[in-house]
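Let me begin by presenting the structure, written as structure tokens, before commenting on it.
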Amino acid sequence: MTTKEMVYAALFAALISVFALIPPIPLGFIPVPITVQTLGVMIAGGFLGKKVGGIALVLFLVLVAIGLPVLPGGRAGLSVLVGPTGGYLLSWPIAAFCIGYATEKVWSRLKLWKMILINIIFGVLLINLIGAPFMAWVTNTSVWAGLVGGVAFLPGDCIKAVIAAIIIWQLKAISPIEVKANQ
């Protein structure tokens, strides 16, 4: 891993931490709030690619695990990773990797609609398909109830997927993925 890649990973872990300053929207029927941080996950994967994007989110989870208050409300620690939100958080490196992988595959012919689709599949559906069953398991409810509760995230997450795609599209010329594609 190059120094530049390490800097990018640290920068995006910090960016996602800054997104925690935007207050979460608590939902009364499930213990997981709506946050802006999934926007950072999608941007990290699409802008940095699979390797650096995934590492950025692993670094972010390390920051959470050691107790730095990088989640909304200043939450942190191992208890958060094994609580109701844990599945969503643990899915973030997987989602960033998958978004980066898919983005790298179509980079030379990347269109905005493809980026939106990639973000919806791996940044919205994948995160919810991992997070909701984990939440159901931790809260001792049925997986079906977890998935139905997770539907509340879909409209906002789809909006974040479009915003992330637009940002990635606008920054495509300076993405480290571009450098890899030309080598």
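Suppose we take every Cα in the chain and form the convex hull; what volume per residue is that in Å³?
Output value, Cα hull per residue: 100 Å³.
For the chain, with all protein chains present and a 1.4 Å probe, just round the carbon and sulfur fraction of the accessible area to a whole percent.
76 percent
Can you give the net charge of the other residues whose Cβ lies under 13 Å from the Cβ of Leu110, counting K and R as +1 and D and E as -1?
Residues close to Leu110 contribute a combined charge of +3.
Highest mean first, what order results for 22-29, 66-73 on Cβ atoms within 10 Å?
Output ranking for 22-29, 66-73: 66-73, 22-29.
Using the heavy atoms of the protein chains alone and a 1.4 angstrom probe, what is the accessible area of the chain per residue in square angstrom?
On a per-residue basis, 47 Å².
Rounded to whole Å, give me the distance from the Cα center of region 1-78 to that of region 149-164.
Computed from Cα coordinates, the inter-centre distance equals 17 Å.
The values are calculated or read from the model by the stated rules, or taken from the named source; none is laboratory data. Bear in mind the structure is a predicted one, so any value in this text is a computation, not a measurement. Neighbour counts are summed over all protein chains in view; Cβ atoms, including those assigned to glycine, are modelled from backbone coordinates with ideal geometry. The area values use the complete protein model at the heavy-atom level, side chains included, leaving out ligands, DNA and RNA. Shrake-Rupley method; radii C 1.70, N 1.55, O 1.52, S 1.80 Å.
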